[in-house]
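What follows is a set of notes on a single structure, which appears directly below.
Just so it is clear, none of the values below were taken in a lab; they were calculated from the coordinates. Computed from a prediction, not measured in an experiment: that's the story for all the values here. Note that each Cβ is placed from the backbone with ideal geometry, even for glycine, and that neighbours are counted across all protein chains shown.
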Amino acid sequence: MELKSIPYGNSRIDFCLKRNERKTLGIKVYPDGSTVVTAPIETPYEKVTEKVKSKAQWIDKQKEFFMLFEPRAKEKLYESGESHLYLGKNYRLKINESNTNSVKLKGGYILINTKDKNNKKAIEKELKEWYKSKAIIHFQNLFENRLELAKELSEKDTSLNYKWFNNRWGSCFKDGTISLNLDLIKSPKECIDYVIVHEICHLAHHNHSNKFYNLLDKKLPNWKDSKEKLEKLLS
Ligand SMILES: [Zn+2]
């Protein structure tokens, strides 16, 4: 079985590709949301991706259907005592009313000073700004640790930027820019590093081909563990 990922619209379709003796191509979506495509050995990969793309809407429908049975991520309330993730650890919110706004980490707590304790939207915004400020520092450090690798794989100057993405952890542009999802600041550094290395490997291979995965395996042998950890924690 091979892990594949193909661009579709402005998102991607991830699936496992299984080759066997069967005569026709089959697509199955499992309750955990994973998609398995079984194809005859002789079907060229382009034909497989064509078929998967033509079934994209059906795949989404299946996933949505299974999602109905999944306990949804609880909507956050932004009140004292509630748990929020930062670098892979859970912290409890402690919200104080104050004339000035500030967010600080202390012990196992995220201390938030805010003007109105009941203004959830304002607290959410404050916390998001704080996550962003932390993300910029940590992402930049982790990225710098991988600059050697980027230089090895590409002659272009690489640079980093950040966004709140909904459905991806990062992307790599042909001009050498790597973009990271700010939400990653909630995951352990190991997972952020995995996304950075994944995107840096795209400097050499702008796709999810075998060559790409061979390179990723070589540069970050335990990437699958980090990927799994990340998906468990943040999806
Ligand atoms: Zn990728």
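Compared with the dominant Cα axis of the chain, that is its longest principal axis, helix 210-219 is turned about 50°. Taking chymotrypsin sites (Phe, Trp or Tyr not before Pro) across the stretch 56-127, the ones in a DSSP loop with at most 16 further Cβ atoms lying within 10 angstrom of their Cβ are Phe69. Please report the base-10 log of the normalised intensity I(q)/I(0) for the stretch 2-67, using a Debye sum with one equal scatterer per alpha carbon and no solvent, at each q in 0.18, 0.24, 0.26 (1/Å). Values, matching the q order: -0.62, -1.07, -1.22. Taking the DSSP bridge list for the chain and keeping only pairs wholly inside it, about 60 percent are antiparallel.
Treating r as the C-beta distance of Arg168 and Asn99 and R0 as 35 Å, the FRET efficiency rounds to 0.35. Within the chain, the longest run free of exposed loop sites, counting trypsin sites (Lys or Arg not before Pro) that sit outside DSSP helix and strand states (H, G, I, E, B) and have at most 15 other Cβ atoms within 10 Å, spans 175-235. The count of lysine pairs in the stretch 148-235 with alpha-carbon distances below 13 Å, taking only pairs 8 or more places apart or on different chains, stands at 7.
Note down the nm distance, to one decimal, between modelled labels 7 Å out along Cα→Cβ at Lys120 and at Ile41. It is 5.7 nm. For the chain, the gyration tensor built on C-alpha atoms gives an oblate shape. Its axis ratio a/c (a ≥ b ≥ c) is at least 1.5, and a/b is not larger than b/c. Taking one quarter of the surface of the C-alpha convex hull of the stretch 69-163 gives a mean projected area of 9.0 nm².
The base-10 log of I(q)/I(0) for the stretch 111-235, evaluated at q = 0.19, 0.23 Å⁻¹, reads -1.03, -1.42 [Debye formula, identical scatterers on Cα atoms, solvent excluded]. In the stretch 8-66, Cα pairs under 8 Å separated by at least six residues give a relative contact order of 33 percent.
Rank Asn145, Asn99, Asn90 by mean-square fluctuation in a GNM of the chain with C-alpha springs under 10 angstrom and give only the top-ranked residue. So, out of Asn145, Asn99, Asn90, the one fluctuating most is Asn99. Springs join every pair of Cα atoms under 10 Å in this Gaussian network model of the chain, and among Glu148, Glu126, Glu79 the largest mean-square fluctuation is at Glu148. Residues in the stretch 121-127 carry Karplus couplings, in order, of 4, 5, 5, 4, 5, 4, 5 Hz; the curve used is 6.51 cos²θ - 1.76 cosθ + 1.60 with θ = phi - 60°, and Gly or Pro positions show x.
Each Cα pair under 8 Å and six or more residues apart adds its separation to the average, and for the stretch 140-234 the resulting relative contact order is 26 percent. Using a cutoff of 8 angstrom between alpha carbon atoms and counting only pairs six or more residues apart, the relative contact order for the chain works out to 12 percent. Principal-axis analysis of the Cα atoms of the chain puts helix 223-234 at an angle of about 50° to the longest axis.
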